[in-house]
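Every number in this text was worked out from the coordinates using simple rules, so none of it is lab data. Keep in mind the model is a prediction, meaning the values are calculated, not measured.
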Amino acid sequence: MNKIIVTLAAVLLINIASAQSKVKTFTFQGNVLELNLADSTEKGVMGIPIEIWCGEELVTTEMSGPKGKYSINLPRYQTFTLKFGKAPYVTKVVEIDTKGFERAADLAIVNLELDISLFKDRGYLGVNFMNYTPVAMAKFNKRSGKLEWNMEYAQEVNERLSGILAANGI
């Protein structure tokens, strides 16, 4: 009887492992950079947390490595919110909708590269919106087979941030 239970448990574990290995992922990679607002220079920053959220659930937290490099494997078919940063930096949020990747990713490896620039929070008034508002949004276009950034949205956020920094004398 015990041998049957052990055998059934082993088969169940193998089936679970097999199902988990069939979850398809894509690689999201790039660099986390520190932006000096005074002269617009950038340098890679190690040890910056990158929180990966799916809805209200924190999926995992990764850290930027040497020179700010990061690489994250995300499952397809979901919308993710990535939060870059920790004190003393202002957080930046990026939203990625991976729904629709199935056909394109089955044909080739799908990777997404994004360098994100963080600046130090010097108590600037009005920048706290960046803790919850995405600075960039990407969505997979099934027709073109590519992930597309919403450039109009990014421009609006950039203009808002530029106005806030100007009001703070930056």
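Observations, loosely collected:
- Database remark: amide H of residue 147 closer than 5 angstrom to the amide H of 141 (H placed geometrically; neighbours at sequence offset of 5 or more, or on other chains; Pro and chain starts carry no H).
- All aspartates and glutamates inside 14 Å of residue 99 as judged from Cα atoms, apart from same-chain residues fewer than 8 positions distant: 148
- Cross-link pairs beyond the 22 Å C-alpha cut-off, checked among 67/139; 43/139; 83/120; 43/86: 67/139; 43/139
- Fully extending the segment from residue 36 to residue 168, taken as 0.36 nm per residue of separation minus the present Cα-Cα distance, adds 46.0 nm.
- Added length on full extension, which subtracts the Cα-Cα distance from 0.36 nm per residue, residue 156 to residue 142: 2.5 nm
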